[in-house]
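Participant: Here it is, the structure, as structure tokens.
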Amino acid sequence: MSEVLGIGIAGLGTVGAEVARLITERGDHLAERAGRPIKVVAVSARDRTKDRGVDLSGVAWEDDAVALAARDDVGLVCEVIGGSEGTAKELVEAALDAGKSVVTANKALLAHHGTDLAKRAEAKGVALAYEAAVAGGIPIIRALRDGFVADRVRRVTGILNGTCNFILTVMRETGRAFDDVLAEAQELGYAEADPSFDVDGVDAAHKLALLTALCFGREVDFNSVHIEGIRRISPVDISFATELGYKIKLLGVAEIDGEGEQAGVSQRVHPCMVPISAPIAGVEDVFNAVTVEADPVGSGMLQGRGAGAGPTASAVLGDIVDIATGRMAPAFGRPAVSLAPAKAAPLSAHVGSFYIRLMVIDKPGVLADITGILRDEHVSMESMIQRGRDPMEMVPLVLVTHEVAESSMQAALAKISALDVVVEEPAMIRIVEG
């Protein structure tokens, strides 16, 4: 059997500790799969005294995580610290520059610096692997990199954040408000004390930027992702969605418009109304799912747990075993130097259907004013739900449009918002077919 592959783990939180435990307890199994022993030889964490459920008595400790990159006994660095800057970035850069492969679960780091890090890895002939950074235990990176190698991907759509999916699921099932369900998610450990990255869509956008680069052969371009979160989703909108035959999901959507390097790529994360019959609509609770539409294979969906110690550690170990056996592929499916420059397609060019909810004073002429604005902006209605009779009452007016350019829809909403009879900012949710 070949020589031992020494692993240096930076970060011993939930995921890092689970990776260390699995390597320690399943060493024989991993060695059989890898064709060589895999051993944790060094770690770095803030607290040496904390019980992490794994015996690390024979493992070297480094107070400075970056020092792992310089150790002769470390052949592969596993970075599970997190964050796009600071120690995580310094460690990964140092490890790659030292000719050591890196396995990371750090989507923020890759979303901001993925192209540069991939170039560093290829310059040294080592691997940069990140299956655990996107959708946890779903092997979506392998599927896109290897399984779709003969296909031209046209669109990728995903539920990429389990916290948001949990919140929207519970809101629909119970009728409770966002703030109430968010508090429950925090109590259950699904949401952080500061949930902004999750509920404001940033976490999903990090992951979408990586999928976009992999699917379309472009440099990673996080700054071009349009991001909206779920804070403004109300039980009223969820109820109307059900009445109309939809579920509301926070989706990441990336699609290409045109052919070749000059084609624009749209990247957007926002709440969507998805037909109840669509496969992705059935993905509930903390689960993630990714749908890929490609030519000639067609459409397919992978789903599974998107977070947690077990699924994430499983993805990390899959990458480690691949590297141990010598199975190394470019991080984004092709050599980083051949990735096309990012070319963003503006959101204003998006064409689709929309759900619009207006809270209006119910009096004669309101509907005529609104439909007149829609007509002037070339927005055609597919259906309408109008409630209320009391002329002093604020009532909901729900519109579903035919397909229209985003720019036209936004122009119409700006004019509608300025009407005296519209008493709240309009709620707008894009409709996708899933």
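The values are calculated or read from the model by the stated rules, or taken from the named source; none is laboratory data. Note that the structure is predicted; figures quoted are calculated from it, not measured. Reconstructed Cβ throughout: ideal geometry from the backbone, glycine too, with neighbour counts over all protein chains shown. The protein model used for the area step is the full one, side chains on, heavy atoms only, and it has no ligands, DNA or RNA in it. Shrake-Rupley method; radii C 1.70, N 1.55, O 1.52, S 1.80 Å.
Participant: Which of rounded, prolate, oblate describes region 234-344, given a ≥ b ≥ c as roots of the alpha-carbon gyration tensor eigenvalues and a/c under 1.5 marking rounded, otherwise prolate only if a/b is larger than b/c? Can you show the working numbers first?
Facilitator: Numbers: a/c = 2.49, a/b = 1.36, b/c = 1.83.
Verdict is oblate for region 234-344.
Participant: What residues from region 7-39 fall in the zone where the backbone N is under 15 Å from a label point 7 Å along the Cα-to-C-beta line of Lys124?
Facilitator: 7-10, by backbone N distance to the label point.
Participant: Rounded to a whole number, what % of the accessible area of the chain do carbon and sulfur atoms account for, probe 1.4 Å?
Facilitator: Working: 8820 of 18270 Å².
Roughly 48 percent, rounded to a whole number.
Participant: Also, I was wondering about something else. Using alpha-carbon positions, what is the distance between the centroids of region 47-88 and region 392-434, in Å?
Facilitator: Spelled out, the Cα-based centre of one part sits 51 Å from the other.
Participant: Give me the 1.4 Å probe accessible area per residue for the chain, excluding ligands and nucleic acids, in Å². Walk me through the numbers on the way to the answer.
Facilitator: Numbers: 18270 Å² over 434 residues.
Solvent-accessible surface per residue comes out at 42 Å².
Participant: For the chain, take the longest principal axis of its alpha carbons; what is the angle in degrees between that and the long axis of helix 86-97, to the nearest 10 within 0 to 90?
Facilitator: Once rounded, the angle reads 50 degrees.
Participant: Angle check, please: helix 406-417 long axis (alpha carbons) against the longest principal axis of the chain (alpha carbons), in degrees 0 to 90, nearest 10.
Facilitator: Computed tilt is about 50 degrees.
Participant: Right, something else. Set the Förster distance to 30 Å, then compute FRET efficiency between Lys415 and Ser234 from the Cβ-Cβ distance, nearest 0.05. Write out the running numbers ahead of the final one.
Facilitator: Details: r = 23 Å, r/R0 = 0.77.
Plugging the Cβ-Cβ distance into 1/(1 + (r/R0)^6) gives 0.85.
Participant: Apply the a/c threshold of 1.5 to the C-alpha gyration tensor of region 172-274 and tell me whether it is rounded, prolate or oblate.
Facilitator: Details: a/c = 3.43, a/b = 1.68, b/c = 2.04.
The shape class here is oblate.
Participant: Ignoring ligands and nucleic acids, what accessible area does Val41 show with a 1.4 Å probe (Å², nearest 10)?
Facilitator: Solvent-accessible area, nearest 10 Å²: 30 Å².
Participant: Between Asp72 and Val351, what is the label-to-label distance in nm when each label sits 7 Å out along the Cα-to-Cβ direction?
Facilitator: 6.5
Participant: Can you show me the helix-derived [θ] at 222 nm for the chain, built from DSSP H runs with n ≥ 4 at -39,500 (n - 2.57) apiece and divided by the number of residues, rounded to the nearest 500.
Facilitator: -10000 deg cm²/dmol
Participant: So, one more: From the Cα gyration tensor of region 65-176, with a ≥ b ≥ c the square roots of its eigenvalues, which class applies: rounded if a/c is under 1.5, or else prolate if a/b is larger than b/c, or else oblate?
Facilitator: Details: a/c = 2.84, a/b = 1.63, b/c = 1.75.
It is oblate, given that a/c is not under 1.5 and a/b is not larger than b/c.
Participant: Please determine, in degrees from 0 to 90 and to the nearest 10, the orientation of helix 107-124 with respect to the longest principal axis defined by the Cα atoms of the chain, where the helix direction is its Cα long axis.
Facilitator: 40
Participant: Counting only the heavy atoms of the protein chains, how much of Glu382 is accessible to a 1.4 Å probe, in Å² to the nearest 10?
Facilitator: Its accessible surface works out to 110 Å², give or take rounding.
Participant: In terms of solvent-accessible area of protein heavy atoms at a 1.4 angstrom probe, what is the ranking of Asp63, Asp146, highest value first?
Facilitator: In descending accessible area the options line up as Asp63, Asp146.
Participant: Next question. Need the full-extension length gain, Glu187 to Ala329, defined as separation in residues times 0.36 nm minus the C-alpha distance. One decimal, nm. List each step's numbers first, then the result.
Facilitator: On the way: separation 142, 0.36 × 142 = 51.12 nm, distance 4.01 nm.
So the extension gain works out to 47.1 nm.
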